[in-house]
Structures are given as structure tokens and as C-alpha cells.
Amino acid sequence: MRITYAIACTTFIASIQAAPAWVPTDNPNTPIGTARGIHPGRVVFVHDTAATSWNGDTVGHHWWDAGNINQRVVDSMFSHTVRWLTGASTDSAAWDQLFRSYNQTHGRGNNGYQAGEKIAVKMNCNQSQNPNRAWTDNSQNPSPPLVYALLRHLVNIAMVPQANITITDPSRFIGTPLYNYLHTDFPNVHYVDRTGGSGREAAVADTLHAVHFSNDTVKYKDSTFIASCFAGANYLINYGLLRGHNLACITVCAKNHFGSIWKKGMAATNGGWSPAGADPMIHLHGFISPIVFSKWGWSFPQRPNGTYSPLVDLMGHKDLGEKTILFFADGLYAALHQSSVNVFKWRSAPFGTQSQPDWSSCMLASQDGVAIESVALDFIRSEPTYADSDIVHGTADNYIHEAAQANAPASGMVYDPEGDGSRLTSLGAHEHWNNATSRQYSRNLGTGNGIELVSGQPSSALPRKIKGRTGMSIINDRNGMLAFHAAPIMAPATIVLYEMTGKIVWSADLSAANSFMARWMPAVTGGLVAVLRDAFGSVTRQEIVVR
């Protein structure tokens with residue numbers, strides 16, 4: 001097992017085994033748009049193989065069964081995510097900064113979370129379509145322990161009352177495995193889905209809050225409304241999935257809002273909670289198809305680059321994308337596409353190799369709703385399993401370009417999703433990374449003002465003090481290796497070796513089984529920082545020199 005908590009400029013050890021089938025039209029590291037966030041354009045990637053342990057047995061077993069996701073590891077990953085995104089040293093400070101950042105950029109002053117404010121979490125439960133709410137296969141749904149980690153943060157750290165939180169997918173159902181995992185400890189949270197019942201509440205459209213699609217050819221453009229739980233919320237969290245889509249190429253955060261809208265006069269289709277319709281002018285998928293598509297009775301022409309995308313209207317709507325304080329993608333167990341009945345193991349670094357694939361075991365987060373789409377697309381297009389199935393193709397990133405340049409898009413469209421005459425500004429930064437090995441964006445390289453991919457602890461947040469019970473000694477053995485010995489510790493523990501810049505060069509797990517010992521063959525020379533963390537968060541920091 002290898003834990004990947006490394007700054008974005010890390011060169012990963014394993015290599016991509018197959019070249020991606022799709023190549024963007026824009027060159028690497030050519031950012032467009034205006035980056036957003038406390039650290040503009042920052043996207044955090046956290047990957048830990050210890051989070052997932054399912055043996056893949058599908059006969060009566062599932063990835064979401066008890067024991068297949070390590071709650072303790074997921075809690076740690078989520079904590080790293082919000083801290084690294086904000087640069088804060090504690091979880092509470094991270095959430096305070098997220099709220100303050102949102103309020104400052106939306107004309108609401110330098111305020112943190114205020115009493116009485118409401119938060120809606122838009123889940124992607126697209127595969128939970130059974131009215132009895134059972135999960136009967138191994139398709140990708142929100143990971144219950146990860147949603148639990150989010151709720152624990154909101155309730156116990158950000159101090160948001162349970163009654164002010166809504167977990168929802170208006171167009172689908174809150175599945176029984178997810179509801180049961182959450183409801184015991186969070187009984188006063190509102191769980192809202194298409195029909196309600198069994199402890200859930202039914203989604204209600206707010207007909208005073210419309211989505212005015214900017215393209216006049218979109219039918220129902222002025223009679224499409226959002227759920228009241230979004231309209232009445234002060235903040236949104238977009239809980240998407242890291243997943244391909246066999247029409248749209250990827251479905252992460254932007255497309256998650258196809259499940260947030262209700263069309264008047266479409267009650268026969270999921271009670272109106274659907275982007276679908278009887279013809280392409282009703283069916284929003286017809287406006288985002290990156291290739292000629294004909295399947296399931298649908299027939300859509302290709303949407304060329306530089307054409308209108310309804311995703312931009314949703315990303316920029318004041319009660320959807322523009323109300324979002326955190327864009328998040330669950331990638332613990334990723335699926336090939338939205339209709340897959342099984343999740344799969346990845347063959348690209350840092351997840352696995354051609355001969356030893358492994359679960360994706362990761363999460364992405366950002367304050368920039370465009371940047372997270374760009375990074376997710378780069379990860380997905382570089383995974384051989386997606387490339388082998390031609391999941392990413394055609395004009396896959398047209399909507400991302402349009403969103404980044406929503407103030408002056410290539411389509412010439414005036415994006416105005418409220419229909420109030422106020423044109424959207426840029427919704428965030430877009431670019432593609434330099435390559436699938438080093439995964440660097442312009443802010444990592446210092447060449448531009450686009451995206452920064454942080455997949456480890458920024459150097460400014462490295463531990464500076466020794467505290468607690470842990471102790472560590474480092475010796476050279478006779479084989480030219482460094483031997484790290486830690487005792488006494490509360491196993492399990494992790495040792496991480498940083499360069500002085502904050503870049504991680506090596507990490508290992510310590511347990512009683514290996515007598516708290518780990519060995520490493522130096523691949524670099526110079527000053528390093530060794531950091532040991534035990535199960536209770538106690539930290540030892542020691543500077544060493546490798547010659």
C-alpha cells in the first residue's frame with residue numbers, strides 16, 4: 001500500500017500504461033478564465049489506498065458493504081482536503097475560511113457561518129433509481145462513509161445545526177444503504193428525494209426561482225425551476241462523483257445539476273425532475289453531446305466546440321453554481337460511466353499499474369467549479385480503462401471552455417440564467433495539465449494564473465513542533481538504506497518524507513506487525529523533513545540530511 005499525499009509537482013513512481021485516446025484542442029498549460037478561491041484555481045486531490053479494501057466479489061457482496069471503506073482513513077482524507085484547500089492548520093479554521101471566502105466574494109461581508117443559515121448538499125444519486133431505494137448492484141453511488149465525514153464536519157466542526165442541513169437529489173432516491181449509514185447519528189438532517197417517504201421528504205419545485213436557459217431554442221427555457229431546498233439555502237455543496245459518462249464524457253459537478261431542475265408540464269418523466277424530454281429540443285443532453293449520439297431511442301447531433309451549453313447556465317445560476325461554497329468529487333470507488341453496474345480498478349498512476357490495478361480511492365475538491373471539471377477530465381482521459389472504452393471523445397471540454405469564458409464565450413452566447421439582463425462573468429479557470437506523469441498546471445509551474453493542483457500538504461503547513469507521545473529515530477543500515485524506527489506509538493501510524501519545499505518523496509505505514517520499522521532507499525540528496533503521525537494525531541517532525 002502507498003499513500004499519496006504529495007504536492008502537485010510530484011513525479012509519481014508508476015507510469016501510465018496506455019496513451020489517452022482523446023487529445024484536447026488547446027495546448028497544455030494554456031489557461032483561460034479567471035481563477036476562483038482563497039488560493040485561486042486550487043484543486044485538491046487526496047488519494048489513500050487504505051480507504052478501500054473490497055475484494056471485488058460481486059456474488060452477494062458490494063463495495064459499500066460494511067468494512068469495505070475505512071471510516072477512520074476517510075475522515076483523515078476529508079480533513080486533509082479542507083485544510084489543504086484553504087491552507088488552514090485546523091478543520092474549524094478551514095470551514096471558517098470557506099464561509100468567509102464565499103461571503104466576501106458575494107457581497108455579504110467578512111462573515112463566517114451565521115446562526116440560522118441553511119446548507120443544501122446536492123448529491124449525485126443517479127444510479128439510485130429504484131423507488132424502493134435498494135442498491136441492488138455495484139454501480140457507483142455516493143460513498144456512505146464519505147458523506148458521513150462531510151456531515152460530521154458540518155455539524156461538529158462548522159457547528160451547523162442538523163436541522164439546517166439538507167442532503168438531496170431531487171431527481172432520484174436517497175438509497176437505503178446511504179440513509180441508514182447517516183440517519184442514526186444525524187437524525188435531524190433533512191433527506192430530500194423525488195417522492196419522499198421512509199424518512200425522506202419529497203422534493204418541491206420553487207416556481208419563483210426559474211432557470212432561464214440562454215439559448216432560445218431550449219424548450220421550457222422559461223418554465224424550468226429549481227428545488228425549494230436550493231432556493232431556500234444560503235449555501236450549497238456540490239457533491240459530485242468522479243466518473244465517466246457515455247454521452248457527456250464525464251459527469252462530475254457541473255452535470256450533477258441536471259438532477260436539480262424541474263420542468264413544468266413534464267410530470268410524466270420522473271415527476272418533472274429530469275433533463276429528459278420527447279425530443280432534442282426538450283432533452284438537455286442534446287445540447288451537450290460531444291459526438292453524434294444514437295442510443296436508448298435518443299438521437300443527437302454533435303455539438304461543435306464553441307457552441308452553447310446549458311451546463312454553463314446551471315454552473316452560473318445564482319441559486320445553483322453561484323451559491324456553492326465547495327465543489328467536491330467522490331472517487332473512492334469509480335465506475336466507467338453512469339450506466340455501469342460495477343466499479344472498476346484503475347491502471348494509471350498513482351492508483352495502480354497495468355499488472356496491478358487498484359481502486360481509485362480518492363477525492364477532489366475546489367472552490368473553483370471550472371477548475372475541478374478540468375482536473376477531473378484530465379484524470380479520466382488519462383486512465384486506460386476509460387480510453388479503451390472511448391469514454392472521452394469529440395468536443396468533451398466545450399462546456400468547460402464556455403464556462404471559463406462565460407463573459408465572452410466562443411459561442412457568442414449571452415449567458416444570463418436568471419433572465420435579468422445580467423451577463424455571467426468567468427466562472428473559473430480552465431487548462432489541461434502538462435502531462436499525465438507529473439500532472440502540473442500553470443500555477444504549479446509558475447507560468448500562468450490558471451489551475452494549481454495540490455495533492456499533498458503545502459509546505460507552509462508542514463508540522464513545526466513535536467507534541468504528544470511519538471518518538472522517531474533514523475539510522476543508516478548496511479545496505480545504504482535509511483531505517484526509520486518509531487516507538488512508542490499508537491498504531492497504525494504513517495511516516496512521510498518531505499523535501500524542504502513541501503514535496504513528498506516517500507511515505508510508509510507503520511504497524512505493530514513490522515515493529516514500527518520502515519526502510520527507504522534515498523532517491524534524492526539534501527535536506528529532508530521526516531514527519532511521523534500516530535493514530536491519535538500526535539506528530540514528530542525531524543529534519544535530516546541525505547548525502
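The values are calculated or read from the model by the stated rules, or taken from the named source; none is laboratory data. Please read these numbers as outputs of a predicted model, since none were measured by experiment. Cβ sites come from the backbone with ideal geometry, for glycine too, and all protein chains shown count toward neighbours.
A few remarks follow.
- Some residue of region 247-265 being in contact (Cβ under 8 Å) with a residue 12 or more places away in the chain, of a type in the set (Lys, Arg) and surrounded by fewer than 19 Cβ atoms within 10 Å (Cβ to Cβ): yes
- As for region 25-48, it holds no residue that is of a type outside the set (D, E, K, R), surrounded by 15 or more Cβ atoms within 10 Å (Cβ to Cβ) and more than 26 Å from GLY450 (Cα to Cα).
- You will find that of HIS285, HIS337, the residue that is modelled with pLDDT of 90 or more and within 28 Å of ALA227 (Cα to Cα) is HIS337 and no other.
- Test: residue in region 397-408 that is under 16 Å from PRO290 (Cα atoms), over 18 Å from the mean Cα position of the chain (by Cα), in a loop (DSSP other than H, G, I, E, B) and modelled with pLDDT of 95 or more: no
- Checking PRO187, PRO131, PRO145, PRO170 one by one, the residue that is under 25 Å from THR81 (Cβ atoms), in contact (Cβ under 8 Å) with a residue 24 or more places away in the chain and not hydrophobic (A, V, I, L, M, F, W, C) is PRO145 and no other.
- Qualifying residue in region 85-98 (condition: in a helix (DSSP H, G or I), β-branched (Val, Ile, Thr), under 16 Å from the mean Cα position of the chain (by Cα) and crowded, with 22+ Cβ neighbours inside 10 Å): yes
- In region 102-123 there is at least one residue that is of a type in the set (Lys, Arg), surrounded by fewer than 22 Cβ atoms within 10 Å (Cβ to Cβ), in a loop (DSSP other than H, G, I, E, B) and touching a strand residue (DSSP E or B) at 6+ places or on another chain (Cβ under 8 Å).
- Candidates ASP206, ASP216, ASP193, ASP222 - the one that is assigned by TED's automatic domain parsing to the domain that holds GLN127, surrounded by fewer than 23 Cβ atoms within 10 Å (Cβ to Cβ) and at pLDDT 95 or above: ASP206
- Test: residue in region 287-304 that is in a helix (DSSP H, G or I), assigned by TED's automatic domain parsing to the domain that holds MET413 and either touching a residue at least 12 places away in the same chain (Cβ under 8 Å) or β-branched (Val, Ile, Thr) (or both): yes
- In summary, ILE325 fulfils each of the numbered conditions (1) over 16 Å from the mean Cα position of the chain (by Cα); (2) surrounded by fewer than 23 Cβ atoms within 10 Å (Cβ to Cβ); (3) of a type outside the set (Lys, Arg) with the single exception of condition (1).
- Looking only at region 348-373, and only at residues there that are out of contact with any Pro (no Cβ under 9 Å at 6 or more places or on another chain) and among the hydroxyl-bearing types (Ser, Thr, Tyr), the one that is nearest to ILE288 (Cα to Cα): SER366
- Scoring SER198 on the criteria (1) in contact (Cβ under 8 Å) with a residue 12 or more places away in the chain; (2) at negative phi leaves a single failure, condition (2).
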